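Asks: Below: one structure in structure tokens.
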């Protein structure tokens, strides 16, 4: 294999691993920040969604 | 930081004002319950930043609905520095009812008369100074929609927040003023905050107040025995409401002078439109027709079926492949493309023909290893491109649905469907979160908090995923598009529309089933204010679409691409970690996992009856649990290998999502019946992890496992029935008989003809 081919082969592997590890790390960080389930982009992610923040008892009288 | 709370009736413009103040993209819906929890932001144009809290819309501070409890508790417990009461100036009397209650709380209060642009347009005149003098609190004219009067409102609210305010009541001249005073003094003696507010609520018999202040409630009880009223008797709540409205009518309504142009009893434009759109007989057909029109413009390939009627479509061939592909975006053998088809074709052209081709050529030119080229082309780029191609179509669908919602039409649909839904055990109120499910199940499930009845809420959360969300739309578009491509006379948009309708019908059927079994009970009443029709705000629509686009791109560049890489890896490596060429994919880890589960899917038409690549459907259904878009990206990633691995190539090498499904049809032998069953399975089964997590959070403890079982059983049984009935029409008779037997059983049980004896527990023998 040509040197350029080796470089791009390695880059492809690093990119793929980096993406997978990065996404997993991102989800873990989001969960620790209380935005662990959703990222749906909906307006409820501003604070009213159970998937995006830890459930707070008593807010809605229940 | 100082805090201002926005309080007011539903549809008075609170969230519009909130967005204008905070620059937020909070969604403005046109029916009650869009804001189900408080929303917070910051206003930075005062001498110090001010936190703005958008409370849910309420008609009063009585604790009958979750929204009223949220708003009331926030104002009483969190003690904002000022409450900005937004009043719809076009509906003054009704809005001021809440104002008279807010006035009773010891909190600085400013009234914002919103929709002043509509008042002026109608020729009416509103004297804000007169109203301010009568109310005793600052009153500011604004138009949140046109961004007028906002700065003045905030400056007056800021000034008001610096001065404490004692509550005042409009009931001072009523027959129960005396007992209110006595209770207030008693509460003040106990150092209870907001004594006037609590005293009035006790007089009304407010259940929260009765529980909190039993001693003072005795005082009210004693007063009741001596008090007599010819109209209301002992119903002090009605008496108080009547007294408030009388005071409003006598003292505040004079501030609004109606235009002389208006005839008494004349119908407004909204009323005239409602005569048609909410007509008893025409309303449902009109709704179905509008929905079909929306789906045709989104998923159809032949605009208004002109080519089917006149037959003028043809594929342009100039000799230049790129030019031919570009022209085909707008016009091809199917005819003139619909807006949705144009966007899909254009995105497909850019993502696959241009970018995808350049990436593949670039990787090949570098001389990278074959597996690295496959990883980049199919695993990384393939997964993203497969999903992103459908994004424009999904956005077009969102745009149309948002127009229907923001114009006020969807509120009418909830009202119309209440008549039908009530027969199946739910009120039309439940339709509101369901229709939100067409966008995303997550906010739809959160919106069920506005349903006061617990059983209705649980039932609604269970059927919301049956309303095909934006993530599932690519599955339907790809599969229906493939069926239309392979079978003549089939229209993709009709198929998609039929499947969407089927999801809605299944929701109604399962609601009825639950009402007859585990969720028996009365249907709660449904009262809703219908907002006037108005043209949706362009800016609001575009902001909403931009949010959705950002979400899709973020999802595609994170979870989808990561899932595609993992799928590519598992489909190109064996258990001993040796790399497998495309043609050996059937020996991969993924193929083994898929084949292990294949037998389960056989009754649904995508199991053991398929050829060697049939496991792809099983794997796609499983990856769809992470995110429904993964179904298409899975097809895209795996079909690239199938296409390359089959000797002689295949008709379509899966250059787009539709092509991927066509390839699968040709290579696995799956029939259209199996594909429809696969669609139905994905529509009705467990939604994505995010939606499932929200449902779990909103479901009472211990009920979620039943919800999971409900989804699994419903999807499995329904898709099996669909496959059997479409493949062997005689099975329709068996299914009909079974359904009839179930219906007969419930009818006989409800009439008391069939009863179940409860086993009596034997009492222990008495000791002598």
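The values are calculated or read from the model by the stated rules, or taken from the named source; none is laboratory data. Quick caveat: nothing in here was measured; it's all calculated off a predicted structure. Virtual Cβ from ideal backbone geometry, glycine too; neighbours counted across all protein chains shown.
Asks: From the list B:588, B:578, which one is more than 14 Å from chain A (Cβ to nearest Cβ), within 30 Å of residue B:712 (Cβ to Cβ) and without any contact (Cβ under 8 Å) to a residue 24 or more places away in the chain?
Replies: B:588
Asks: On to the next question. Out of all the residues in the range B:91-121, which are within 14 Å of residue B:200 (Cα to Cα) and assigned to a loop (DSSP other than H, G, I, E, B)?
Replies: B:103, B:104, B:105, B:106
Asks: Just give me the residues in the range B:42-90 being out of contact with any helix residue (DSSP H, G or I) (no Cβ under 8 Å at 6 or more places or on another chain) and assigned to a helix (DSSP H, G or I), in sequence order.
Replies: B:68, B:69, B:70, B:71, B:72, B:73, B:74, B:77, B:78
Asks: Working only within the range B:547-573, note down all residues that are free of Cβ contacts under 8 Å to residues at least 60 places away in the same chain and farther than 18 Å from residue A:17 by Cα. Step through it out loud before you land on a result.
Replies: So in the range B:547-573, the residues free of Cβ contacts under 8 Å to residues at least 60 places away in the same chain come out as B:550-551, B:554, B:558, B:562, B:566, B:570, B:573.
Passing the criteria: B:550, B:551, B:554.
Asks: On to the next question. Return only the number of the condition from (1) over 30 Å from residue B:91 (Cα atoms); (2) part of a loop (DSSP other than H, G, I, E, B); (3) free of Cβ contacts under 8 Å to residues at least 40 places away in the same chain that residue B:610 does not satisfy.
Replies: The single condition residue B:610 does not satisfy is (3).
Asks: Okay, next question. Just wondering, is there one or more residues in the range B:59-76 that are assigned by TED's automatic domain parsing to the domain that holds residue B:19, at pLDDT 90 or above and either buried (at least 21 other Cβ atoms within 10 Å of the Cβ) or more than 30 Å from residue B:439 (Cα to Cα) (or both)?
Replies: Yes, the range B:59-76 contains a residue that is assigned by TED's automatic domain parsing to the domain that holds residue B:19, at pLDDT 90 or above and either buried (at least 21 other Cβ atoms within 10 Å of the Cβ) or more than 30 Å from residue B:439 (Cα to Cα) (or both).
Asks: Okay, moving on. Residue B:731: surrounded by 11 or more Cβ atoms within 10 Å (Cβ to Cβ), at pLDDT 90 or above and in contact with a helix residue (DSSP H, G or I) (Cβ under 8 Å, 6 or more places away or on another chain), yes or no?
Replies: When the stated conditions are applied, residue B:731 passes them.
Asks: Okay, next question. Of the conditions (1) touching a residue at least 40 places away in the same chain (Cβ under 8 Å); (2) crowded, with 20+ Cβ neighbours inside 10 Å; (3) part of a helix (DSSP H, G or I), residue B:198 fails just one. Which one is it?
Replies: Unmet condition: (1).
Asks: Mind checking which residues of the range B:652-692 are within 14 Å of another protein chain (Cβ to nearest Cβ), part of a helix (DSSP H, G or I) and surrounded by 20 or more Cβ atoms within 10 Å (Cβ to Cβ)?
Replies: First, pick out the residues of the range B:652-692 that are within 14 Å of another protein chain (Cβ to nearest Cβ): B:687-692.
Adding the requirement that they be part of a helix (DSSP H, G or I) leaves B:689-692.
Correct list: B:690, B:691, B:692.
Asks: Next up: Has the range B:453-474 got any residue that is more than 14 Å from every other protein chain (Cβ to nearest Cβ) and free of Cβ contacts under 8 Å to residues at least 24 places away in the same chain?
Replies: no
Asks: If you don't mind, there's one more thing I want to ask. Quick one: which of B:438, B:431, B:398, B:421 is assigned to a helix (DSSP H, G or I) and either in contact with a strand residue (DSSP E or B) (Cβ under 8 Å, 6 or more places away or on another chain) or over 19 Å from residue B:515 (Cβ atoms) (or both)?
Replies: B:398
Asks: Something else now. Give just the number: which of (1) at pLDDT 70 or above; (2) farther than 25 Å from residue B:568 by Cβ; (3) facing chain B (nearest Cβ under 7 Å) does residue A:9 not satisfy?
Replies: Residue A:9 satisfies all of (1) at pLDDT 70 or above; (2) farther than 25 Å from residue B:568 by Cβ; (3) facing chain B (nearest Cβ under 7 Å) except (2).
Asks: Right, here's the next one. Suppose we filter B:304, B:293, B:312, B:344 for residues that are in contact (Cβ under 8 Å) with a residue 60 or more places away in the chain and either in contact with a strand residue (DSSP E or B) (Cβ under 7 Å, 6 or more places away or on another chain) or over 30 Å from residue A:14 (Cα atoms) (or both); which single one remains?
Replies: So the residue among B:304, B:293, B:312, B:344 that is in contact (Cβ under 8 Å) with a residue 60 or more places away in the chain and either in contact with a strand residue (DSSP E or B) (Cβ under 7 Å, 6 or more places away or on another chain) or over 30 Å from residue A:14 (Cα atoms) (or both) is B:344.
Asks: Please determine whether any residue of the range B:210-226 is within 44 Å of the chain's Cα centre (by Cα) and outside any helix (DSSP H, G or I).
Replies: Checked against the condition, which is being within 44 Å of the chain's Cα centre (by Cα) and outside any helix (DSSP H, G or I), the range B:210-226 yields at least one hit.
Asks: Let me ask something additional. Could you tell me which numbered condition residue B:568 fails, if it satisfies all but one of (1) within 14 Å of chain A (Cβ to nearest Cβ); (2) out of contact with any helix residue (DSSP H, G or I) (no Cβ under 7 Å at 6 or more places or on another chain); (3) at pLDDT 85 or above?
Replies: Residue B:568 satisfies every listed condition except (2).
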